[in-house]
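> Shown below is the structure under consideration.
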Amino acid sequence: ASVVKELVENAVDAGAKRIDVEIEEAGLALIRVADNGSGMEADDCEAAFGRHATSKIASGSDLFRIRTLGFRGEALPSIAAVAKVECTTSASEDGLGRKLVIEGGTTRSFGDAATRRGTAIAVRDLFYNTPARLKYMKTVQTELSHISDYMYRLALSRPDIAFSLKHNGTTLLHTSGNGDLLQVFAAIYGAALAKTMVAIEADDVDYRLTGLISRPESTRSNRAAVTTVVNGRYIRNYAIVPAMMRGYHTLLPVNRYPLAVLCLSMDPTLVDVNVHPSKLEVRFSKEAELLAFLESSVKRTLQQHILIPQFTAKKESPAKLLEQMSFYGSGSAAPSGDQAEPVGPSVPFARTAPSSQLPRSVQTTPDEPPLPEPPDVSATSTAMSYPSVPKLFGSAARGPGQPANTSASAPRRPDQPARTEADIQAAKESWQKIADASSAPAAIPSFPVLSAVGQIHGTYIAAQNEDGLYLIDQHAAHERINYEIYYEKFGAPGAESQQLLVPVTMEFTSDEAGWLKDHLALFAQIGIDIEHFGGSTFLVRAYPHWFPSGDEVALLQEIAEWVLVERKSVDIAKLREKSAILCSCKASIKANQNLSVSEMNVLLSRLGQCRNPYTCPHGRPIVVSFSVRELEKMFKRVM
């Protein structure tokens, strides 16, 4: 993979617009890289294989403004020392060039050759004269994965170059080189994933960011699908991915990572690519500013999209269709139309269940308990207050810099009349005018206005609008609502703490107690008054009165346990957020809890007023949609 990397990067630096890579036996038998770049003159061809020879820097000051992928001058002589190398190159269009053959570092021949403009280097029998190094090689599949991975990254970093990669005659990668990053992404990851990607573009005083990021529903179990490019160079930087992840805050489940191609452009003096021999790791001179820019850019880009996953029915493969054909009578074709009758005991028949066995999908009993609500954000007394919808989700519940929803986009209250088609169209036109105004910032798309139609298994709300069908996880929805409320409340909890008549006792191990004694101020900042009682015992003497009723002790224990696990990485911002998540989870309605239609509509209305109504605080999706067209395709109304 290192040999492929060096040869391909030399081709890129030569200005090539097409680079073809051919390998056999994962590169041990053959690595051939051909390009249509500038080529080399006769003298340069021979000098290029000398130690420390490079044409990419002219003075020492150039090392601080590196604009090429390679510059050390060590790769070609190192490769030639452990393999049989043929280099054919031409710097002119007349079809005349030079061919150099080197084996084990010794020149075997050097003379004229007929070739097109560009350079082609073939490396055969790699490590043939160093058996100890050859024995160290991994399996063919492992080496091939390293090669293909780097070629994929390079293709993503340079969509303006046409790349091809073949292994034992099989094409593994082919790009057109037309500059379309999305097409390159589709060639590598597939068209289905490419459709879920969102274009990102942002500018700063020092940086420019372009690329693609995935919607929250498209994730991977590791960060391998994140490609970072700086000035056209694929790099690895362990601070950039966490900064991007902070932009996805609460949008992703735990231990899930998005797919992304982040292309950063900056002045070469702001990045040092000479800190590692492989040139994959770089160092930024203004790293803090870069990370803040990256985080805000990702967050702002995601806010400009409606992040509701849309269900897409998978097409059945021919093998599956053949399997279904076998259900019919042996040796006969499947009947068609209304005459189709499955034959055989293995085929399940659709039966109608008795009404007593059907799940109750809609609950409309008037005496059911109302939807649990968190306390009022503005409450200052110790009594629990249950505010109305407008008060609960007004401007006080929004963070700084977050625009309040306009009246045209805000969901209706239960006491308001239902919107007409004209109202909805007027709201859409209002948002479009804002988006088209050149002097105004881009409008944040409003959450769709939904009308509940029922409940599935006491867990999911079925809702609809003119665009299709929506399924909402009622616990996740209520959890998001509560999270945004509690997060604001934990910002200034001290004034709302209440003293306990009987303190809550908490026991820890001696090691945990020793650490907690020195960090009790952390708990005070979220309104929890805890003191050391002696030994491994602590007393909680006060906590905010709006803690979820009945779960106060369990909540205090979970907060303390989380602080002990995080230890040195805990700060007030993380503690505030974690406490809000724990409170919101315990205060929310649970699965298998029946709701009336009016309660469902209130929940949907409040969800639409949230800053992020698409995922719960743990990153799980809240809403999944089925478009009208997709429903029609399911029922074969359209083909």
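None of the figures in this text is laboratory data; all of them are computed from the coordinates on show. Just so it is clear, the structure is predicted and the values come from calculations on it, not from any experiment. A quick note on method: Cβ atoms are made from the backbone with ideal geometry, for glycine too, and the neighbour counts reach across all protein chains shown.
> Just the Kirkwood number for region 537-639, please: inverse of mean 1/r across all distinct Cα pairs, in Å, one decimal.
Values: mean 1/r = 0.0575 Å⁻¹.
Final number for the Kirkwood radius of region 537-639 is 17.4 Å.
> Apply 1/(1 + (r/R0)^6) to the Cβ-Cβ distance of residue 594 and residue 204, taking R0 = 56 Å, and write down the FRET efficiency to the nearest 0.05. Kindly include the intermediate steps, with their values, before the conclusion.
Details: r = 51 Å, r/R0 = 0.91.
For R0 = 56 Å, the calculated efficiency reads 0.65.
> Here's something else I'd like to know. Around residue 226, which amide H atoms from residues at least 5 apart in sequence, or from another chain, sit under 5 Å from its own amide H, with H modelled in the peptide plane?
Counting only residues 5 or more places away or on other chains, the set is 260.
> Cα centroid distance between region 1-67 and region 571-639, in Å?
The distance from the Cα centre of region 1-67 to that of region 571-639 comes to 53 Å.
> For region 95-252, what number results from the quotient of the Cα radius of gyration and 2.2 N^0.38 Å?
Working: Rg = 20.3 Å, N = 158, 2.2 N^0.38 = 15.1 Å.
Relative to the rule-of-thumb radius for its length, region 95-252 sits at 1.35.
> What does the net charge come to around residue 497 if you take all other residues with beta carbon closer than 10 Å to its beta carbon, with K and R at +1 and D and E at -1?
For residues surrounding residue 497, the net value is -1.
> Moving to a separate point now. Non-local amide H neighbours of residue 529 (under 5 Å, H modeled in plane, Pro and chain starts lacking H): which ones?
541, 542, 543
> By how many nm would the segment from residue 566 to residue 628 lengthen if fully extended, with 0.36 nm per residue of separation less the alpha-carbon distance? Working shown, then result.
Working: separation 62, 0.36 × 62 = 22.32 nm, distance 4.66 nm.
The residue 566-residue 628 span can extend by a further 17.7 nm.
> Packing-wise, with mean Cβ within 10 Å as the measure, how do 145-152, 40-47 rank, highest first? Present the calculation step by step, with values, prior to reporting the outcome.
Working: 145-152: 19.0, 40-47: 16.1.
Ranked from most to least packed, the peptides come out as 145-152, 40-47.
> Suppose we look only past 27 Å in the calculated P(r) of region 60-186. What percent of the Cα-Cα pairs does that tail hold?
37 percent
> Enumerate by residue number the chymotrypsin sites (Phe, Trp or Tyr not before Pro) in region 588-639 meeting two conditions: DSSP loop (anything except H, G, I, E, B), and at most 12 other Cβ atoms within 10 Å of the site's Cβ.
On the way: sites: 614, 626, 635; in loops: 614, 635.
Here the chymotrypsin sites (Phe, Trp or Tyr not before Pro) that fit, given the DSSP loop and packing criteria, are 635.
> Taking H as built 1.01 Å from N, whose amide H comes closer than 5 Å to the amide H of residue 160, not counting residues under 5 places away?
Result for residue 160 returns 179.
> Sticking with this one: Between residue 276 and residue 221, 0.36 nm times their residue separation minus their Cα-Cα distance comes to what? Mind showing how you got there, number by number?
Working: separation 55, 0.36 × 55 = 19.80 nm, distance 2.79 nm.
Full extension from residue 276 to residue 221 adds 17.0 nm.
> Region 266-315 to region 139-154: how many Å between their Cα centroids?
Spelled out, the Cα-based centre of one part sits 23 Å from the other.
> What distance in nm separates the simple spin-label points at residue 55 and residue 551, each placed 7 Å from Cα in the Cβ direction?
For the pair residue 55/residue 551, the computed spacing is 6.9 nm.
> In Å and whole numbers, how far do the C-alpha atoms of region 54-129 stretch along each principal axis, longest first?
37, 37, 16
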